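Visitor: Can you keep this structure in mind? I'll have questions shortly.
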Amino acid sequence: MFRLSYYPWLTQNVPAAEIDRQIRRFAALVADQLERLKDPDPRMEVLPPVDVPEQISQLIENRAEVALMNPLGFVFARNRSRIVSAVAVALRIIDGKTGSVYFSQLYTHRKTGIHRLDQARGRSIGYGESYSTSNFLIPAYLLRQAGVHPLLGFDRIEFLKGHEVVARAVYDGKVDIGAGHDGVIVDLASQPGYSDAGNVLVQIVRSDPIPSDPVVVNVPDPATRQRLQEALVAAGNTPNGKEALKIFWGNTQGLAATDDSRYDGLSEALKSLKLDEADLLPNRKS
């Protein structure tokens, strides 16, 4: 039997009960594929949602075998256990094409007059979670590259706990600059009261491509791991699997096989910023 872990902010503006229902639908499809591959015990149990720090602990303490993760969460899990590996990646529509990468951005309200990152110095900024890839790590890296300290270069910083919350704060003038994934302005514009977000909020800079969210496994046996990878990718590319993924995982279009090396660049960003897991994960000590 395989236990599947996920974090509650996999996607926005979808009720928690519906996310859970669709993940269970997807898990059943994975179990069907495992049975087809003659796995000795193809059952899939979906665990209650937990935040990323606990999700990492579930994996490395053998309390979950499969996890739908954010990229930085996977990097931390991999650093703590070499058995943990990324076997599949979420495919999303970026720039009109389906692919296995996405982007981060820093953006502002038109009225701030900020057009370049060096103009951000001394202003205010909103990040999401400290352990979010596109809501903190990569925007911080972009600022550092532009010569602006991502923490000390601002008059005020806030960790607002989510892409949409940050976007609303920028729209409402509560912070001057926001960090988030490249679709956050479009997402906000789809919400009641924010239909003009595409005109009000403007991108300052977009990152290089970031590997998309991985499906991570903790399965020591290579043959079992291979079966599980094949089952996950196959289930994610069935019509029902694609429909479920779109609902519970930010409009994911399917899954593709991947490997750990795709995420090495995130480790380099951490090193550049002189940050590690103890700095970014709540209650995590060196």
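Visitor: Count charges around residue 155 for me, please; just the other residues with Cβ under 10 Å from its Cβ, Lys/Arg as +1, Asp/Glu as -1. Spell out each step's value before the answer.
Guide: Numbers: positive: 121, 123, 156; negative: 176.
Local charge sum for residue 155: +2.
Visitor: Based on Cβ point charges of +1 for Lys and Arg and -1 for Asp and Glu, what charge dipole magnitude is obtained for the stretch 49-205 about its Cα centre, in debye rounded to the nearest 20?
Guide: 360 debye
Visitor: Return the percentage of antiparallel bridges among DSSP beta bridges fully within the stretch 104-206, rounded to the nearest 5 %.
Guide: Close to 60 percent.
Visitor: Counting Lys +1, Arg +1, Asp -1, Glu -1, what net charge surrounds residue 138 among other residues with beta carbon under 11 Å of its beta carbon?
Guide: For residues surrounding residue 138, the net value is 0.
Visitor: If you don't mind, there's one more thing I want to ask. In deg cm²/dmol and to the nearest 500, what is the mean residue ellipticity at 222 nm of the chain if only DSSP H runs of at least 4 residues count, each as -39500 (n - 2.57), divided by the residue total?
Guide: Details: 11 runs with 106 residues, N = 286.
Taking each H run of at least 4 residues, the total per residue is -10500 deg cm²/dmol.
Visitor: Which whole-Hz ³J(HN,Hα) couplings does the stretch 174-187 yield from phi under the Karplus relation 6.51 cos²θ - 1.76 cosθ + 1.60, θ = phi - 60°, glycine and proline marked x?
Guide: Residue by residue, the stretch 174-187 yields 7, 9, 7, 10, x, 10, x, 6, 6, x, 5, 5, 4, 4 Hz.
Visitor: Just need the Rg to Rh number for the stretch 104-206, please, alpha carbons only, Kirkwood Rh.
Guide: So for the stretch 104-206, dividing Rg by the Kirkwood Rh gives 0.92.
Visitor: Suppose every K and R has +1 on its Cβ and every D and E has -1 on its Cβ; what is the size of the dipole of the stretch 1-110 about the Cα centre, in Debye to the nearest 20? Intermediate values should be presented prior to the final figure.
Guide: Numbers: 14 positive and 12 negative charges, 62 e Å.
Taking the Cα centre of the stretch 1-110 as origin, the dipole is about 300 debye.
Visitor: Report ³J(HN,Hα) in whole Hz for each residue of the stretch 43-56, in order, from the Karplus equation J = 6.51 cos²θ - 1.76 cosθ + 1.60 where θ = phi - 60°; Gly and Pro get x.
Guide: 5, 10, 9, 8, 7, x, x, 9, 6, 4, x, 6, 4, 4
Visitor: In debye to the nearest 20, how big a dipole does the chain give about its Cα centre with +1 on each Lys and Arg Cβ and -1 on each Asp and Glu Cβ?
Guide: For the chain, the charge dipole is close to 320 debye.
Visitor: A further question follows. Toward the positive end of the charge dipole of the stretch 104-206, about the Cα centre and with charges on Cβ (Lys, Arg +1; Asp, Glu -1), which of 141, 197, 160 goes farthest?
Guide: Of 141, 197, 160, it is 141.
Visitor: Something else now. In whole Å, what is the distance between the alpha-carbon centres of the stretch 142-205 and the stretch 221-266?
Guide: 29 Å
Visitor: Give me the net charge for the shell around residue 50: Cβ to Cβ below 13 angstrom, other residues only, Lys and Arg +1, Asp and Glu -1. Walk me through the numbers before you get to the answer.
Guide: Working: positive: 3, 63; negative: 20, 51, 54, 61.
Computed value for this residue: -2.
Visitor: Also, I was wondering about something else. Name the long-range amide H neighbours of residue 2: under 5 Å, sequence gap of 5 or more, or other chain; modelled H, no Pro or chain starts.
Guide: Those lying under 5 Å, H to H, from residue 2 are 43, 44, 45.
Visitor: Compute the relative contact order of the chain as a whole-number percentage, counting only Cα pairs closer than 8 Å that sit 6 or more residues apart in sequence.
Guide: Once divided by the residue count of the chain, the mean separation gives 28 percent.
Visitor: Related question: Any idea what the relative contact order of the stretch 104-206 is, in percent, if you count C-alpha pairs under 8 Å spaced at least 6 apart?
Guide: On the way: 206 pairs, mean separation 43.3, N = 103.
Reported as a whole number, the value is 42 percent.
Visitor: Amide H to amide H under 5 Å from residue 90: which residues, 5+ apart in sequence or cross-chain, H placed 1.01 Å off N in plane?
Guide: 213, 215
Visitor: Something else: The chain: Rg/Rh from Cα coordinates, Kirkwood Rh?
Guide: 0.98
Visitor: Here is a follow-up. If the chain between residue 38 and residue 155 were fully stretched, how many nm would it gain, using 0.36 nm times the residue separation less the Cα-Cα distance?
Guide: Values: separation 117, 0.36 × 117 = 42.12 nm, distance 5.91 nm.
So the chain would gain 36.2 nm between residue 38 and residue 155.
Visitor: Report the relative contact order of the stretch 2-144, percent, no decimals, based on alpha-carbon pairs under 8 angstrom and at least 6 residues apart.
Guide: 22 percent
Where a number appears in this text, it was derived from the coordinates with a stated rule and is not lab data. These numbers were taken from a predicted model, which means no experiment stands behind them. When we count neighbours, we look across all protein chains shown, and the Cβ atoms used for this are built from the backbone with ideal geometry, even at glycine.
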